[in-house]
Amino acid sequence: MAEHGDGFRKLEMQRAPRAPEASTPEQRHWRRYKTSLVTKAYAAVHCVAFSPAAPYDFAVTNSTRVQIYGSRGKAVKKTISRFKDIVYTTSFRDDGKLLVAAGEERIVKVFDVESGGMLRMLKGHSKPVHSCGFSRDRLHCISGGDDAVVKYWDVATGEETMNLEGHKDHVRCVTTSPTSQDVVVSGSYDHTVKLWDCRKGASVLTVDHGGPVQAVLMLPGGGVMVTAGGNVMKVWDVLAGGRVLHAMANHSKPITCLAYDENGGRILSGSLDHHLKVYDVQEYRVRYSLDYQQPILSLGFSQNQSTIAVGMANGLLNVRSRPTEEEKLSKVKAKKNPRGGTFQYFIRGQYDKANEEDDFRVERIRKQKLAPYDKMLKKFPYGTALDAALRTTNPLIIASLLHELYVRDCARIALSGRDDTTLIPILKFICKYISVQTYTSLLTDVSNTILELYTVIIGRSEAVDELLWKIRMRVHEQLMMDANLVALQGSLELILASTLH
């Protein structure tokens, strides 16, 4: 009860325990990503690549151009159109200053991000290039194409320094180890994923995914690798010689792209089934799923966890973003109080907070206004207090007052001495709410008290008798339901027990 000015405590509402939240912290986290941009490109969006360096801009390939968007995706900062055919792949260097891109032209091109100027043209592939990127030393880049070859390039000279041959079909994805500048990983339509040692120029590990490999991802530490092909995603222990740690088939159509959330330890996968799924790296279970309008071809996730960009087969680019911690803090700024004697100080309004420099704050205890039933409780006519609560028709107030009467051991006093006119509202309340789990126990006690007090007058009022009969039938229905639920529980336990053996 709330304390009143003279020591009287107002009626405390008897609320039911709070039910567990329907959503998990994981779900609430991903729901914070709100759509900030949906735009239609000329052709399919084959690749989305985020810059690893702040402000985490991202590049998008569609048709014969590469567009660089701001970190929130609200505006195109630069368009690179130095291509004669479709661009399939692009990637930033880890300092965000250079960009590499390639496609149907079979030429790997290196650009300066600031100016958009082309710095190098790396020629050597005989068929279209579908994947490219920079090595960790920033001096080399890698590429893989439909000629089943992985090439290692020297960016400074523009020369091919290594030709990694071993795949028997199109190479669709290449990446580098996060811990070694000499290790390159490639995935191919020949169902294999190969780890290459660029110092030897040969494959040091080959694993069979079991289907055409569309995407490959190396987790931090370089000891775990994720591959995607068909609708299956597999996790491999590289240090144990390519042992499968886990296999997941949560998509209904082929997986086309993978991304990793380094801060949250989550793997993201996009598929032709229009779904983006989020997995944890402890149990490799799906923690969240996002739905999109069209088949997903490409996916990017910013390192500061603020933006998700998804490219689709019909040319749609969907960007979802959420405020970063820095942006949240920047919005929470202390309001500058106007200086005394100025016009702004004069018009500041009644809701303006006091300026500690010019104003003095005096706290005053306000007298609380009591509800009619609280006034009656304070004066002790408990029957009148119950009638006042019944007039509110609020079940929470009525139940709370009945509970308070039982706590004070005054329930019999409040319920006794009534005629049919004042007894009927109580019986109607019992009939309506006795089957509600929150009030069942309390109203059972109230019903027993009424039966003890008014047994001798049963049969004298048709209205009272009818309500008592309805209460009896309501209790009977509830007991029958409980019996049926117990029988159902037994049947379910029998079925579950048989499935476990």
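The values are calculated or read from the model by the stated rules, or taken from the named source; none is laboratory data. Worth saying up front: this structure is predicted, and the values here are computed from it rather than measured. Cβ placement follows ideal geometry from the backbone for every residue including glycine, while neighbour counts extend to all protein chains displayed.
Does segment 443-455 contain at least one residue that is outside any helix (DSSP H, G or I), within 29 Å of Ala414 (Cα to Cα) and of a type outside the set (Lys, Arg)? Break it down stepwise before answering.
First, pick out the residues of segment 443-455 that are outside any helix (DSSP H, G or I): none.
The answer is no, given that none of the residues of segment 443-455 is outside any helix (DSSP H, G or I), within 29 Å of Ala414 (Cα to Cα) and of a type outside the set (Lys, Arg).
Note on segment 52-101: among residues that are of a type in the set (Phe, Trp, Tyr), touching a residue at least 60 places away in the same chain (Cβ under 8 Å) and in a strand (DSSP E or B), the one that is nearest to Arg172 (Cα to Cα) is Phe58.
When segment 102-127 is examined, which residues are found to be among the aliphatic types (A, V, I, L, M) and part of a loop (DSSP other than H, G, I, E, B)? Break it down stepwise before answering.
Narrowing segment 102-127 to residues among the aliphatic types (A, V, I, L, M): 102, 107-108, 110, 113, 118-119, 121-122.
Listed by number, the list holds a single entry, Val113.
Residues of segment 79-103 that are farther than 20 Å from His140 by Cα and surrounded by fewer than 18 Cβ atoms within 10 Å (Cβ to Cβ): Thr79, Ser81, Arg82, Lys84, Asp85, Ile86.
Residue-by-condition table, conditions (1) surrounded by 15 or more Cβ atoms within 10 Å (Cβ to Cβ); (2) of a type outside the set (Lys, Arg); (3) modelled with pLDDT of 95 or more; (4) more than 34 Å from the chain's Cα centre (by Cα):
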{"residue": "Val171", "(1), (2), (3), (4)": "yes, yes, yes, no"}
{"residue": "Asp182", "(1), (2), (3), (4)": "yes, yes, no, yes"}
{"residue": "Lys200", "(1), (2), (3), (4)": "no, no, no, yes"}
{"residue": "Asp208", "(1), (2), (3), (4)": "no, yes, yes, no"}
{"residue": "Trp236", "(1), (2), (3), (4)": "yes, yes, yes, no"}
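Out of Asn318, Asn337, Asn314, Asn304, one residue alone is assigned to a loop (DSSP other than H, G, I, E, B) and at pLDDT 90 or above. It is Asn314. Looking only at residues of segment 135-148 that are hydrophobic (A, V, I, L, M, F, W, C) and not in a strand (DSSP E or B), we find that the one that is modelled with the lowest pLDDT is Leu139.
Return yes when Leu427 is modelled with pLDDT of 85 or more and either over 24 Å from Asp374 (Cβ atoms) or outside any helix (DSSP H, G or I) (or both) and no when it is not.
Working: modelled with pLDDT of 85 or more: yes; either over 24 Å from Asp374 (Cβ atoms) or outside any helix (DSSP H, G or I) (or both): yes.
Criteria met by Leu427.
Out of everything in segment 49-78 that is touching a Gly at 6+ places or on another chain (Cβ under 6 Å) and surrounded by fewer than 18 Cβ atoms within 10 Å (Cβ to Cβ), what residue ends up being farthest from Gly311 (Cα to Cα)? Here the residue is Ala53. On the stretch given as segment 450-481, residues that are among the charged types (D, E, K, R) and at pLDDT 85 or above total 6.
Would a scan of segment 248-261 turn up a residue that is over 23 Å from the mean Cα position of the chain (by Cα), outside any strand (DSSP E or B) and under 22 Å from His130 (Cβ atoms)?
yes
Tell me, please, whether a residue that is of a type in the set (Ser, Thr, Tyr) and under 25 Å from Pro372 (Cβ atoms) can be found in segment 395-414. Yes: segment 395-414 contains one or more residues that are of a type in the set (Ser, Thr, Tyr) and under 25 Å from Pro372 (Cβ atoms).
For segment 147-169, enumerate the residues that are closer than 18 Å to Val87 by Cβ and surrounded by fewer than 19 Cβ atoms within 10 Å (Cβ to Cβ). Outline the logic, then answer.
If we filter segment 147-169 for residues that are closer than 18 Å to Val87 by Cβ, which is where we start, we get 147, 151, 153.
Hit for segment 147-169 is Asp147, nothing else.
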